[in-house]
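Student: I'd like to ask some things about the structure below.
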Amino acid sequence: VQLQASGGGLVQPGGSLRLSCVASGIYFRVYNMDWYRQAPGKQRDLVARITDDGSTDYADSVKGRFTISRENAKNVVYLQMNSLEPDDTAVYYCKAHRTVSAFWGQGTEVTVSS
């Protein structure tokens with residue numbers, strides 16, 4: 001099983017980025033997919049979730065700014081991040097999970113700074 005996250009980088013406050021996470025080795029469409037983030041010195045927190053049936057949920061801090069989506073035909077989950085703020089700076093991880101199975105990607109770094 002492999003989850004390959006990409007799309008991170010340096011962006012100015014107010015800017016946008018789209019993260020992607022491509023999964024292999026799992027039957028992607030039956031998995032719930034999450035994006036987490038971990039800022040330096042802080043715990044890893046859930047940012048957004050999309051279930052196998054397409055339902056979504058977001059952390060309060062990103063509601064209205066971030067959008068999670070999935071494309072089952074390509075085994076990919078996206079995180080569109082708009083109106084980025086310095087507090088969004090973190091390493092972003094994708095996670096695939098269902099019942100007792102869970103798999104993590106390697107993370108992609110997002111830095112929001114002027």
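Student: Output the relative contact order of the chain, whole-number percent, from Cα pairs under 8 angstrom with separation of 6+ residues.
Tutor: Once divided by the residue count of the chain, the mean separation gives 37 percent.
Student: Choose one answer from Ala102, Ala39, Ala48: the residue with the largest mean-square fluctuation in a GNM of the chain with alpha-carbon springs under 10 Å.
Tutor: Ala102
Student: Using a Cα-Cα cut-off of under 27 Å, which lysines could be cross-linked to Lys42, ignoring same-chain neighbours fewer than 8 residues away?
Tutor: Counting by Cα, and skipping residues close in sequence, Lys42 has these lysines nearby: Lys63, Lys95.
Student: Using a 1.4 angstrom probe and counting only protein chains, how large is the accessible area of Lys63 in Å², to 10?
Tutor: Near enough 110 Å² of accessible area.
Student: Let me ask another. Name the most mobile residue of Gly25, Gly41, Gly14, meaning the one with the largest mean-square fluctuation, in a Gaussian network model of the chain with Cα contacts below 10 Å.
Tutor: Answer for the Gaussian network model of the chain: Gly41.
Student: Sorted by mean Cβ packing within 10 Å, highest first, what order do the peptides 49-56, 4-11 take?
Tutor: Highest mean packing first, the order is 4-11, 49-56.
Student: Can you put Asp57, Asp87, Asp45 in order of accessible area, largest first, using a 1.4 Å probe?
Tutor: Descending order: Asp87, Asp57, Asp45.
Student: Across the range 80-88, in residue order, what do the Karplus-derived ³J(HN,Hα) couplings come to in whole Hz, using 6.51 cos²θ - 1.76 cosθ + 1.60 with θ = phi - 60° and x for Gly and Pro?
Tutor: 3J(HN,Hα) across the range 80-88, in whole Hz: 8, 10, 10, 6, 5, 10, x, 5, 7.
Student: Which Rg and Dmax, in Å, describe the Cα atoms of the chain?
Tutor: Both quantities, over Cα of the chain: 13.3, 42 Å.
The values are calculated or read from the model by the stated rules, or taken from the named source; none is laboratory data. Keep in mind it's a predicted model, so treat the numbers as computed, not measured. Note that we place each Cβ from the backbone using ideal geometry, even for glycine, and neighbour counts take in every protein chain shown. When the accessible area is computed, the model is the full protein with side chains, heavy atoms only, and any ligands, DNA or RNA have been set aside. Shrake-Rupley method; radii C 1.70, N 1.55, O 1.52, S 1.80 Å.
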